[in-house]
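Single-structure report; data block below.
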Amino acid sequence: MADVEAVHNAQVAEEAQLATAPPSAGDPVPLGLLVFALGSTVLGISLLGYVPLAVQGNTIGMIVFAATGLGLLITTIWAARIGETFVATVLGAFAGFWISYAALVIGLAHNWYAIPPTAILHTVGQFLIAWDIAIFMLFLVSLRIPLLFSLILGAGVVGVTLITIGVLASSAGIQHAGGVFVLVFAALGYYGYLGAAIVSVGGKPLPFGKPVLSLLSGR
């Protein structure tokens with residue numbers, strides 16, 4: 001009888017604990033990776049020439065602003081709210097990239113900034129160089145977290161570098177190569193989304209790999 005009562009009391013205590021426990025704050029990573037991969041897919045396809053350059057300001061710019069830029073802004077606030085500092089940093093940085101990219105492309109298409117035609121090439125180059133450095137800084141820190149994220153950011157650095165060279169050298173071939181790398185980190189982003197989303201519904205995680213620094217140290 002005492003055992004039955006003890007079990008009952010334990011169940012009551014557990015139910016009370018569950019009832020008073022704060023709700024889970026969730027994980028911003030699945031949404032962040034999904035909208036990141038979406039914008040990267042759009043950019044990569046456009047760099048391969050699928051959408052004419054003349055209309056990208058009216059099409060691609062709004063897609064990456066409304067979907068990827070704002071989506072990443074939401075996940076940045078979410079990650080910061082639950083104390084995920086580096087996650088919020090990465091998501092926030094890419095929110096800034098996609099929103100500023102949309103502002104650049106749309107603004108140039110409609111001549112909002114009154115930039116002389118002779119200065120447009122170096123204006124775009126300046127934008128790309130600055131963001132390439134920022135992504136490289138994120139890549140360096142990512143060497144301490146699962147390999148997948150280093151691969152995403154590393155491919156991003158290579159992709160933006162190639163796009164920058166292609167723009168400044170007016171080389172469609174190099175820009176196309178950059179577009180291929182953009183699609184590579186889009187594919188990695190989709191893989192990361194699947195891994196994180198599957199866990200959120202009770203599934204087994206997909207392998208993301210050990211951190212690069214752990215691999216180098218043999219741990």
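So that you can scan it fast, the table gives a plain yes or no per residue for (1) at pLDDT 95 or above; (2) among the aliphatic types (A, V, I, L, M); (3) closer than 26 Å to residue 44 by Cα:
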site: 177; (1), (2), (3): yes, yes, yes
site: 181; (1), (2), (3): yes, no, yes
site: 189; (1), (2), (3): yes, no, yes
site: 196; (1), (2), (3): yes, yes, yes
site: 207; (1), (2), (3): yes, no, yes
site: 211; (1), (2), (3): yes, no, no
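Please go through the stretch 31-68 and give me each residue that is in a helix (DSSP H, G or I), more than 10 Å from the chain's Cα centre (by Cα) and within 19 Å of residue 160 (Cα to Cα), ordered by number. Answer for the stretch 31-68, where residues must be in a helix (DSSP H, G or I), more than 10 Å from the chain's Cα centre (by Cα) and within 19 Å of residue 160 (Cα to Cα): 41, 42, 43, 44, 45, 46, 47, 53, 60, 61, 64, 65.
Against the test of being out of contact with any Pro (no Cβ under 7 Å at 6 or more places or on another chain), closer than 21 Å to residue 52 by Cα and either part of a helix (DSSP H, G or I) or touching a residue at least 24 places away in the same chain (Cβ under 8 Å) (or both), the options 76, 89, 123 yield a single qualifying residue, 123. Applying the set (1) buried (at least 19 other Cβ atoms within 10 Å of the Cβ); (2) closer than 30 Å to residue 26 by Cβ to residue 99 leaves exactly one unmet item: (1). Of the helices (runs of 4 or more DSSP H) lying entirely inside the stretch 129-219, the ones with 2 or more residues being buried (at least 20 other Cβ atoms within 10 Å of the Cβ) and among the aromatic types (Phe, Trp, Tyr) are found at 172-200.
Is there a residue being hydrophobic (A, V, I, L, M, F, W, C) and in a helix (DSSP H, G or I) anywhere in the stretch 110-118? No; the residues of the stretch 110-118 include none that is hydrophobic (A, V, I, L, M, F, W, C) and in a helix (DSSP H, G or I).
Being in contact (Cβ under 8 Å) with a residue 60 or more places away in the chain, farther than 17 Å from residue 68 by Cβ and among the hydroxyl-bearing types (Ser, Thr, Tyr) holds for only one residue in 170, 150, and it is 150.
The values are calculated or read from the model by the stated rules, or taken from the named source; none is laboratory data. All of these numbers come straight from a predicted model, not from anything done at the bench. Reconstructed Cβ throughout: ideal geometry from the backbone, glycine too, with neighbour counts over all protein chains shown.
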